[in-house]
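First the structure, in the form of structure tokens, and then the observations on it.
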């Protein structure tokens, strides 16, 4: 996944950390071999080269992630979409990026086979509806990786667990101070170079998962134009809204990961309307209203402590 992981377990029992680390590493290696687009020998890379409309049998993790991705595509009205592999490449992201701002006709040609309707998952197999359709699971796979490790550690009999992979977390129970787990919600860097607090707020809870999507972390410079990595799957162009970041809290990290990307693709008001349909998904938006003015908004019954800016409740 090109990142690090951090696991905390609070227990009175002895833990052989080397043995546990070896087991977790083996799970993550297997996970990566299924869904890493950076590995030309992975299952997803093989599937992306599959120029056939016949069914393509995949491993368990791969199938579960794609099945959930397609379900969230439906729920998000198509704003979450894993068939954006070639669109990402056109805009300079992914393992084989193109350079320069793409021409409109090239974007249109890729849009002709982009869309979750061009993919289905049935009986542990994937089926393309267009031979050229290719997928990228980076916006959901890492979250599921967190879930896999969390569930594995829990299966060993531990209850007080905190699992983090690349900034996405899932937790249960309490920390070593017997308090609820806390997760900092990151402040974007100041464009004026002004020193500021590292977090705009801190989430606390006893169980759940948190994932954040933000355009200020992953971007490319194309001919002097700075573009964030969130691509609108319907227009083929990078998203341009006043949303700096979205942090989503859900029961699983796979859900939180995917929904953070979906909401990052939408204006705040539109994302809020969609989330009103789902009672187990909560979100906090960080909005930019002027050069250095940011406003926090939120939906849900979770608690954020120590907010640094004004908080509007909905």
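The values are calculated or read from the model by the stated rules, or taken from the named source; none is laboratory data. All of these numbers come straight from a predicted model, not from anything done at the bench. Heads up, the Cβs are rebuilt from the backbone with ideal geometry, glycines too, and the neighbour counts pull from every protein chain shown.
Identify, from the list 184, 236, the residue that is surrounded by fewer than 22 Cβ atoms within 10 Å (Cβ to Cβ), at pLDDT 85 or above and touching a helix residue (DSSP H, G or I) at 6+ places or on another chain (Cβ under 7 Å). Break it down stepwise before answering.
Details: 184 fails: touching a helix residue (DSSP H, G or I) at 6+ places or on another chain (Cβ under 7 Å).
Result: 236 is the single residue among 184, 236 that is surrounded by fewer than 22 Cβ atoms within 10 Å (Cβ to Cβ), at pLDDT 85 or above and touching a helix residue (DSSP H, G or I) at 6+ places or on another chain (Cβ under 7 Å).
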Handout entry: Qualifying residues in the range 242-270 (those that are surrounded by fewer than 18 Cβ atoms within 10 Å (Cβ to Cβ) and assigned to a loop (DSSP other than H, G, I, E, B)) - the one modelled with the highest pLDDT
Key = 251
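Would you mind stating whether residue 92 is on the phi > 0 side of the Ramachandran plot, more than 17 Å from the chain's Cα centre (by Cα) and at pLDDT 90 or above? I'd like the intermediate steps shown before the answer.
Working: on the phi > 0 side of the Ramachandran plot: yes; more than 17 Å from the chain's Cα centre (by Cα): yes; at pLDDT 90 or above: no.
When the stated conditions are applied, residue 92 does not pass them.
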Completion exercise
Scanning the range 102-128 residue by residue, those surrounded by 13 or more Cβ atoms within 10 Å (Cβ to Cβ) and assigned to a loop (DSSP other than H, G, I, E, B) turn out to be 102, 113, 114, 115, 124
Problem - Selected residue [surrounded by 19 or more Cβ atoms within 10 Å (Cβ to Cβ) and in a loop (DSSP other than H, G, I, E, B)] from 82, 148 - result: 82
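Select from the range 6-21 the residues that are surrounded by 11 or more Cβ atoms within 10 Å (Cβ to Cβ) and either free of Cβ contacts under 8 Å to residues at least 60 places away in the same chain or over 22 Å from residue 177 (Cα atoms) (or both) and list them in ascending order. Working first, answer last.
First, the residues of the range 6-21 that are surrounded by 11 or more Cβ atoms within 10 Å (Cβ to Cβ): 6-11, 15, 20-21.
Scanning the range 6-21 gives 15, 20, 21.
Conditions (1) touching a helix residue (DSSP H, G or I) at 6+ places or on another chain (Cβ under 6 Å); (2) within 21 Å of residue 259 (Cα to Cα); (3) surrounded by fewer than 19 Cβ atoms within 10 Å (Cβ to Cβ); (4) free of Cβ contacts under 8 Å to residues at least 12 places away in the same chain, marked per residue:
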position: 28; (1), (2), (3), (4): no, no, yes, no
position: 34; (1), (2), (3), (4): yes, no, no, no
position: 54; (1), (2), (3), (4): no, no, yes, no
position: 61; (1), (2), (3), (4): yes, yes, no, no
position: 69; (1), (2), (3), (4): no, yes, no, no
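Among the residues of the range 157-168, are any outside any strand (DSSP E or B), in contact with a strand residue (DSSP E or B) (Cβ under 6 Å, 6 or more places away or on another chain), closer than 14 Å to residue 24 by Cβ and in contact (Cβ under 8 Å) with a residue 12 or more places away in the chain?
Applying the first criterion (outside any strand (DSSP E or B)) to the range 157-168 yields 157-159, 166-167.
With the extra rule that they be in contact with a strand residue (DSSP E or B) (Cβ under 6 Å, 6 or more places away or on another chain), the set shrinks to 158.
Still in the list and also closer than 14 Å to residue 24 by Cβ: 158.
With in contact (Cβ under 8 Å) with a residue 12 or more places away in the chain added as a condition, the list becomes 158.
Within the range 157-168, one or more residues are outside any strand (DSSP E or B), in contact with a strand residue (DSSP E or B) (Cβ under 6 Å, 6 or more places away or on another chain), closer than 14 Å to residue 24 by Cβ and in contact (Cβ under 8 Å) with a residue 12 or more places away in the chain.
Does the range 286-306 contain at least one residue that is modelled with pLDDT of 85 or more, under 28 Å from residue 181 (Cβ atoms) and surrounded by 22 or more Cβ atoms within 10 Å (Cβ to Cβ)?
Applying the first criterion (modelled with pLDDT of 85 or more) to the range 286-306 yields 286-287.
Now restrict to residues that are under 28 Å from residue 181 (Cβ atoms): 286-287.
Right, trim to surrounded by 22 or more Cβ atoms within 10 Å (Cβ to Cβ) and you get 286.
Yes, that holds for at least one residue.
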